[in-house]
Every structure is written in C-alpha cells, then in structure tokens.
There are 2 protein chains.
Amino acid sequence: MTYPDRPNDDASSTLPVFYFEDFKPGQIATSGSVTITESDIIRFASEFDPQPMHTDPKAALAITDGLIASGWHTASLTMRLLITGRGYRPAPGTLGLGFENLRWHQPVRPGDTLHIRIELLSTRASESRPDRGIITSRFTTFNQDNEVVQSMTSSAIVPRRPVTA
Amino acid sequence: MTYPDRPNDDASSTLPVFYFEDFKPGQIATSGSVTITESDIIRFASEFDPQPMHTDPKAALAITDGLIASGWHTASLTMRLLITGRGYRPAPGTLGLGFENLRWHQPVRPGDTLHIRIELLSTRASESRPDRGIITSRFTTFNQDNEVVQSMTSSAIVPRRPVTA
C-alpha cells in the first residue's frame, strides 16, 4: 500500500483549525488517493474478516469475479482519507457521534485506487450547549473509474470559536 | 492480540448452514472474545486512523485518559467476532446490505477484552424475489465489564432453502 498523503492532525500542520462557525452547508473537500493491493486485502481480512472471498484468491474466483476487499477495510481506508483529506484540523473537542447508512455499492479489488469526497450537508446550533454546534456530512468513496464504492453520513459535535479578550 | 476462536466459514466447519427459514426473531448468539493490546491499537490507527489519541500514548493522556482504539478498529474486530461467533454458516448468496446507526458508546482501551451479541430483530419475505428474504440484526459489542462499547444494526438478503427432489 502506498500513502502519498500524510496525516494533517499533527502539531506541525499548517492547516487552519476549523470551529463550528467555519462550516457551511455545501462545502466539499476531496482527499488524496490510496491504492490497495492483493496482499493488503488478504492481510486485513485474515485479521478482521476471514471469509474466503476476502482471503483466498482462488476460492474468491469460484464465488465472485475474484478477490474483493472487506467492506470494513474500505471503511477503514475511508477514515484514513478523511483524516488526510479534509483540508483543516478539527478544533479540540470535536467529537463524532457515529455513522449512518453505511453502504458498499461496488466491490473493491486489488489494484483499485480510492479517494473520497466530503460534503457538508447541514449545520445546526446545539440546543443544550451554546458553546457548540452539530454538523452533518456525507462521505463518499470512489474508485479510479469514479464509481461509488461506499457511502455513509455522519454527525459531529464541533465547538464554537472561543471568544478572545 | 489473541484469537482463541477460529473462523467457522471454512469447508471443514461442522456448523449448520442457515437459510432464510432458519432465522427467527429473538434468536441471540454470543461470540467468543478477543483482547486488544496497546500495540494492536497503535498499529491499526497508524495505518487507518492516524490521530494522536489513537497512536501516541503520551499525547493521548493530554487529550483523554490515555490511548483509545479507533472506532473502526472496534468495528473491524466486531466483524471478526461476528464471523466466528454466529454459530452457523451463512447460505451461499447471503449478502449484507449495509449498516445503520453505528455508534461508539465507550472508549476501547489497551487490555480490553471484547465480545459481541448478535440479536435477530426481524425477518421478512422479499417482495421481488420469492427465493429469498431479508433479516435485520442488531450487533452489540461489549467490554470485559459488560459495558456496551459499540452498537449497530444491519440487514442482509438470505436465500431460502432450495427445494430438493
């Protein structure tokens, strides 16, 4: 596996820190890309999803058109691309609330190159806590042919920008 | 990481093959368990979720009470426990449709031992295909103190048992 991108959460990052006020519905970010190999697929699946279609190329040929990646492998790579692709650093205290509608639309196969699109769907103030808000985003994962391989939505609690004296 | 259990999808498994007719709402299965180590957490997160709270024990102490596992690591381990814990082999053609309401309720920390409970919520016939049905299940992941660390629900298409001559 090759990771041409690098995490941007480290302290040396020059990316801006995003607070609730910085998020606007319709904002779109696109990540870098990552290529998944046959050995990546087998290694992940052997540990986390040991089914023949994910671990055994020969057996997979009898089941489908050949080896396919575990959906959880795609989801985990999506997380990596999210960390490296969102173009900002989340404000301290940003907290994901979970994920909805996780769907795998197309198989991911050896040699596929994935990237994601992050689309901000909505923002709303917190009713109980005036110092924060909630943002909802859609994460779509594409292969090199721009076919959607995975989609999901997520909400997160995001602090408002602190008032400075 | 220790895996006291073993995958049960291999051909040598003596577990029964489950078709749509074999699923009844209220059925509950409990998996074996898996213990997650600090090095497991760092290894997974370095590849898939490179944020300091998952990769750097010292930095994690400044953010929370110390290193916590990526939620996608917990989800991936849940998949493993599902494969090894469901007590049957899925009929050929069984196909997961995706996951809903993926939530992480408690941090998973080094040394935690996880297991899952699989609860069959509902079954219904397919309207378009008489040879199959749809089952919906809840997957709950617990730590060694029986605290819920993750929950999600999922639907799958399951073939009916073929009629034999």
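Among the protein heavy atoms of chain B, carbon and sulfur supply 54% of the accessible surface, probe 1.4 Å, non-protein parts ignored. Burial here means at least 30 square angstrom less accessible surface with every protein chain in place than with the chain by itself, probed at 1.4 Å; in the range B:47-76 the buried residues are B:E47, B:F48, B:P50, B:Q51, B:W72, B:S76. Taking all protein chains into account, the per residue accessible area for the range A:56-102 stands at 37 Å² (1.4 Å probe). Relative to its Kirkwood radius, the Cα radius of gyration of the protein assembly as shown gives an Rg/Rh of 0.97.
For chain B, the residue among B:P159, B:S70, B:T37 whose Cα projects farthest onto the positive side of the dipole built from Cβ charges is B:P159. In the range A:93-112, the residues that give up 40 Å² or more of accessible area when the other protein chains are added, compared with the chain on its own (1.4 Å probe), are A:F99, A:E100, A:L102, A:R103. Taking both sides together, the accessible area buried where B meets A is about 2700 Å² for a 1.4 Å probe.
Among B:Y19, B:F99, B:A60, whose Cα lies farthest out toward the positive end of the dipole of chain B, if unit charges sit on the beta carbon of Lys, Arg (+1) and Asp, Glu (-1)? Selected residue: B:Y19. About the centre of its Cα atoms, chain B shows a dipole size close to 580 debye [charges on the beta carbon of Lys, Arg (+1) and Asp, Glu (-1) only; nearest 20 debye]. Summary value for chain B: 28 percent relative contact order, contacts being C-alpha pairs under 8 angstrom separated by 6+ residues. Remark: the range A:15-109 carries a charge dipole of roughly 200 debye about the Cα centre, counting +1 on each Lys and Arg Cβ and -1 on each Asp and Glu Cβ. Sparsely packed loop sites in the range A:70-107 (the chymotrypsin sites (Phe, Trp or Tyr not before Pro) outside DSSP H, G, I, E and B with at most 12 other Cβ atoms within 10 Å) do not occur. With only the Cα atoms considered, the range A:99-162 has a convex hull volume of 94 Å³ per residue. In the protein assembly as shown, the calculated helix contribution to ellipticity at 222 nm averages -6500 deg cm²/dmol per residue, counting -39,500 (n - 2.57) for every DSSP H run with n ≥ 4. Fraction of C-alpha pairs exceeding 27 angstrom in chain A: 32 percent, rounded to a whole number.
Compared with the dominant principal axis of the Cα atoms in chain A, helix A:38-48 is inclined by about 70°. By the rule of a C-alpha distance below 27 Å, with chain neighbours fewer than 8 residues away ignored, no lysines are paired with A:K58. With both labels modelled 7 Å from their Cα along Cα-to-Cβ, the B:A62 to B:V163 distance reads 7.0 nm.
Only the Cβ atoms of Lys and Arg (+1) and of Asp and Glu (-1) were treated as charged; on that basis the dipole of the protein assembly as shown about its Cα centre amounts to roughly 620 debye. Rounded to the nearest 10 degrees, the inclination of helix B:71-85 to the longest alpha-carbon principal axis of chain B is 40 degrees. Centre-to-centre separation between the Cα atoms of the range B:44-68 and those of the range A:90-165: 20 Å.
By the Stokes-Einstein formula, at 0.692 mPa s and 37 °C, the range B:50-93 with its Kirkwood radius over alpha-carbon pairs has D equal to 264 µm²/s. Taking 0.36 nm per residue of sequence separation and removing the Cα-Cα distance, the B:S128/B:E21 pair yields an extension gain of 36.8 nm.
The values are calculated or read from the model by the stated rules, or taken from the named source; none is laboratory data. Here the structure is a predicted model, which is why all the values come from computation and not from measurement. Note that we place each Cβ from the backbone using ideal geometry, even for glycine, and neighbour counts take in every protein chain shown. Side chains included, ligands, DNA and RNA excluded: accessible areas come from the protein's heavy atoms. Shrake-Rupley method; radii C 1.70, N 1.55, O 1.52, S 1.80 Å.
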